[in-house]
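The next block holds one structure in the form of structure tokens; read it before the comments.
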Amino acid sequence: MLGRILKDLFASEGPLRLGQTAFEAGVDAYKAGELAAAAEHFAGTLRAEPEHVQAHNYAGGIDLRTGRYREALEHFECARMLDPQRAEYHFGAAVAHRELGATEAARECSETALALDPGLAPAHGFLASLNFPGPYYLEVISMLHSLLRPRTYLEIGVETGQSIALAGRETRAIGIDPEPKITKRLAPGTSIRATTSDEYFAAHDVRAEFGGLPIDLAFIDGMHQFEFALRDFINIEKHCTSQSTILIHDCYPLSRHTAERERRTEFWSGDIWRLVLILRKYRPDLSVKVIGTAPTGLGVVRRLDPGSSVLQQNYEAIVGEYLAVDYSVLDADKAGLLALYPNDWEKVKAILQ
Ligand SMILES: C[S@@+](CC[C@H](N)C(=O)[O-])C[C@H]1O[C@@H](n2cnc3c(N)ncnc32)[C@H](O)[C@@H]1O
């Protein structure tokens, strides 16, 4: 009797233990960057234990990294079936689908992943790039610098300097950020002011700082609550001319969850979308377009009027009004309401004439 029990026990445990040993060897090889060896171990794991869900996940990941997209998809499909509650398996399938050209399937899988794990940052970035193919916002800003050749450039919110580093050598540039963490090489004409934008505008004469020149180009990318960006817009426009351009980041949110006023997710655009609605309602004289560039759209505002006081005079009322506007207002026609514009360089050039 005992012999029979032991035999049965080993009969069921044998392959499992064999699979687990191979799996652990695979993880070690994977961590050491030995992908081919890791792939063999995971294949061994799956021969011994075809339903080893983590082995499917790792094997799928290696297939993705080595360009074997069809095989990757098969592994992630198995993983999704075996454990439908794990967001990362759906996300793996999404990436494989995209590489295989199946954009809609990729979108569905990444949305499923985000429904299971709303904080899954790579899935947000992935979905954003699916929605907005074409040049990334930094590339668009770089092209704008080349085209406009601004004499002066003001940037609010510089962080590591990725965007302000795009200002050319011939441009006088000022970057404002209370906590700059510059890691990029900046052009010689660029300087950084470690302060908030409100404090900066209260204490400095921008035109004087630019040697008497107006602001030719500005980029608002500081605090991502719309009232801050609205004040930034008001303060910048005063120093512009009718030929200047104001860029505003994060005007086209990916989802309600990533557009909350309080940051809950790594991928976050805040409620800058409200500023687009405000400008369109209270300043119909402006040209407002939001280029569909990843991650979350780039607002381009033209036909500026430094003499306009509408926004400043109605500031409190406008903020109160738009705090009460719920995200669901966008459900009716998000692209129309947020003035979505193609991420097509020839078309972008047309709005800068
Ligand atoms: C999204 S990052 C800017 C990224 C940068 N423009 C880029 O594209 O690489 C936002 C930055 O705004 C800064 N910030 C936050 N509040 C601010 C304020 N009141 N005034 C100016 N900058 C602010 C933060 O410190 C942060 O570095």
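Working from Cα positions, state the angle (0 to 90°, nearest 10) between the long axis of helix 2-31 and the longest principal axis of the chain. On a 0 to 90 degree scale, this one is about 30. Available extension along the chain between Met81 and Ala317 is 79.7 nm, counting 0.36 nm per residue and deducting the alpha carbon span. Amide H contacts of Thr152 (H built 1.01 Å from N, in plane; Pro and chain starts excluded): Arg172, Asp216, Leu217 sit under 5 Å, all sequence-distant by 5 or more or on other chains.
In this structure, Arg263 and Val310 have a Cβ-Cβ separation that, at R0 = 22 Å, corresponds to a calculated FRET efficiency of about 0.15. Report the GluC sites (Glu not before Pro) located in the range 128-217 that are in a DSSP loop and have at most 13 other Cβ atoms inside 10 Å of their Cβ, or state none. Here the GluC sites (Glu not before Pro) that fit, given the DSSP loop and packing criteria, are Glu170. Subtracting the Cα-Cα distance of Met143 and Val329 from their residue separation scaled by 0.36 nm leaves 63.7 nm. Straight-distance candidates among the lysines for linking to Lys349, with alpha-carbon spacing under 18 Å and chain neighbours fewer than 8 residues away dropped: Lys289.
In the chain, helices alone account for a calculated mean residue ellipticity at 222 nm of -15000 deg cm²/dmol, with every DSSP H run of four or more residues adding -39,500 (n - 2.57). The long axis of helix 273-282 is offset from the longest Cα principal axis of the chain by roughly 30 degrees. Measuring between their Cα centroids, the range 168-243 and the range 63-89 lie 46 Å from each other.
Assuming a ≥ b ≥ c are the square roots of the Cα gyration tensor eigenvalues, decide whether the range 137-350 counts as rounded (a/c under 1.5), prolate (otherwise, with a/b larger than b/c) or oblate. Verdict is rounded for the range 137-350. Under 5 Å from the amide H of Gly175 lie the amide H atoms of Glu155, Ser191, Ile192, Arg193, each residue being 5 or more positions distant or on a separate chain, with H modelled from the backbone and absent for Pro and chain starts.
Since every read-out is calculated from the coordinates, none of them should be taken as a lab result. Values in this document were obtained by computation on a predicted structure and should not be read as measured data. Note: ideal-geometry Cβ built from the backbone for every residue, glycine included; neighbour counts use all protein chains shown.
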